[in-house]
1. Within the range 1-21, how many residues are of a type in the set (D, E, K, R) and out of contact with any strand residue (DSSP E or B) (no Cβ under 8 Å at 6 or more places or on another chain)?
2. Select, from Ile78, Ile147, the only residue that is crowded, with 17+ Cβ neighbours inside 10 Å and either in the same structural domain as Val16 (by TED's automatic domain parsing) or modelled with pLDDT of 95 or more (or both).
3. With the requirement that a residue be within 13 Å of the chain's Cα centre (by Cα), buried (at least 16 other Cβ atoms within 10 Å of the Cβ) and not hydroxyl-bearing (Ser, Thr, Tyr), what does the range 22-43 give you?
4. Hey, among Leu97, Leu168, Leu122, which residue is of a type outside the set (Val, Ile, Thr), assigned to a helix (DSSP H, G or I) and under 18 Å from Gly69 (Cβ atoms)?
5. Residues that are closer than 24 Å to Asn127 by Cβ: list the strands (runs of 3 or more DSSP E) wholly contained in the range 22-92 that include at least 2 such residues.
6. Cβ-Cβ below 8 Å, separation at least six or inter-chain, first residue in the range 102-131 and at positive phi and in the same structural domain as Ala145 (by TED's automatic domain parsing), second hydroxyl-bearing (Ser, Thr, Tyr) and outside any strand (DSSP E or B): which pairs?
7. Does any residue in the range 189-217 that is touching a residue at least 12 places away in the same chain (Cβ under 8 Å) come within less than 9 Å, Cβ to Cβ, of a residue that is in a helix (DSSP H, G or I) and of a type in the set (Ser, Thr, Tyr) six or more places away or on a different chain, and which pairs are these?
8. List every residue pair whose Cβ atoms sit under 9 Å apart, with the two residues 6 or more apart in sequence or on different chains, where the first one lies in the range 2-17 and is touching a residue at least 24 places away in the same chain (Cβ under 8 Å) and closer than 25 Å to Arg42 by Cβ and the second, anywhere, is outside any strand (DSSP E or B) and of a type in the set (Lys, Arg).
Amino acid sequence: MTSPNELPIVVIACQVFKSLLEDLTPEGMAERFTFLDYGLHRVPEKLTWTLQDTLDEVQEPSLIILGYGLCGNGLKGIKAGNHTLLVPRTDDCIAILLGSYKRYIQEFEATPGSYYLTKGWLESGSNPYQEYQEYVEKYGQDDAAWIMDQQYQNYERLVLVAHTEEDLEKYRPQALEVAEYCQQWGMRYEEILGSDIYVRRLIEIAASPDDVDSEFLVIPPGGEIKQEMFLR
């Protein structure tokens, strides 16, 4: 069996990590990059089969970097086939964007009721204000308001996470629009500048899989991603 160190490297990731992965991956290291639509995380089952189809299209046995967290069990059941998979061991993209699972837990412990916005989620229309508008079209204002109350009444803050000051400025107007809507539940608005440390480490491990640590999962050929692998 070919050692993971000798396999060609392929990147399949969420669009939210496109600039990070393209900028940080050394030139010539990856055979190809494929970035999938932000909106797939809204329907985990669709994320699962889209990701599996994309992975299965890679003909040559490869080390495939999956730029995703578990994402609402969207990665559950993904089969490696002939490939070796390298996966961040996180629940979703927030820990990756913040730079570490530890920082994610620190934020969670400080304010458990936090709703995070990213440029990907804003661009895909995945936020409370957009959800409300969609529910109004389907169910009318009264039922839409009731559904939103059930989902968001226990949240305390809305947090925009970005990697650069430029992105904070670019997406702030959209985030503030969502924040204004969420004031009905008393959510306060905050901004956090994330870190690229997690993505840098992901790339380092892809280059040297033997150095893998507990922050990542390596799924061997014939293996399958299981939910319990992400439990800590």
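The values are calculated or read from the model by the stated rules, or taken from the named source; none is laboratory data. Just so you know, these numbers come straight off a predicted model, no measurement behind them. Backbone-built Cβ (ideal geometry, glycine too); neighbour counts: all protein chains shown.
1. Going through the range 1-21, the residues of a type in the set (D, E, K, R) turn out to be 6, 18.
Now narrow it down to the ones that are out of contact with any strand residue (DSSP E or B) (no Cβ under 8 Å at 6 or more places or on another chain): 6.
Here the count works out to 1.
2. Ile78
3. Phe35, Leu36, Gly39, Leu40, His41, Arg42
4. On the way: Leu168 fails: under 18 Å from Gly69 (Cβ atoms); Leu122 fails: under 18 Å from Gly69 (Cβ atoms).
Answer to the selection: Leu97.
5. Details: elements: 30-36, 63-67, 84-88.
In the range 22-92, 30-36 are the strands (runs of 3 or more DSSP E) which contain 2 or more residues that are closer than 24 Å to Asn127 by Cβ.
6. Nothing qualifies.
7. Cβ pairs passing all conditions: Tyr198/Tyr101; Glu215/Tyr101; Glu215/Tyr198.
8. Final answer for the pair search is Val16/Lys119.
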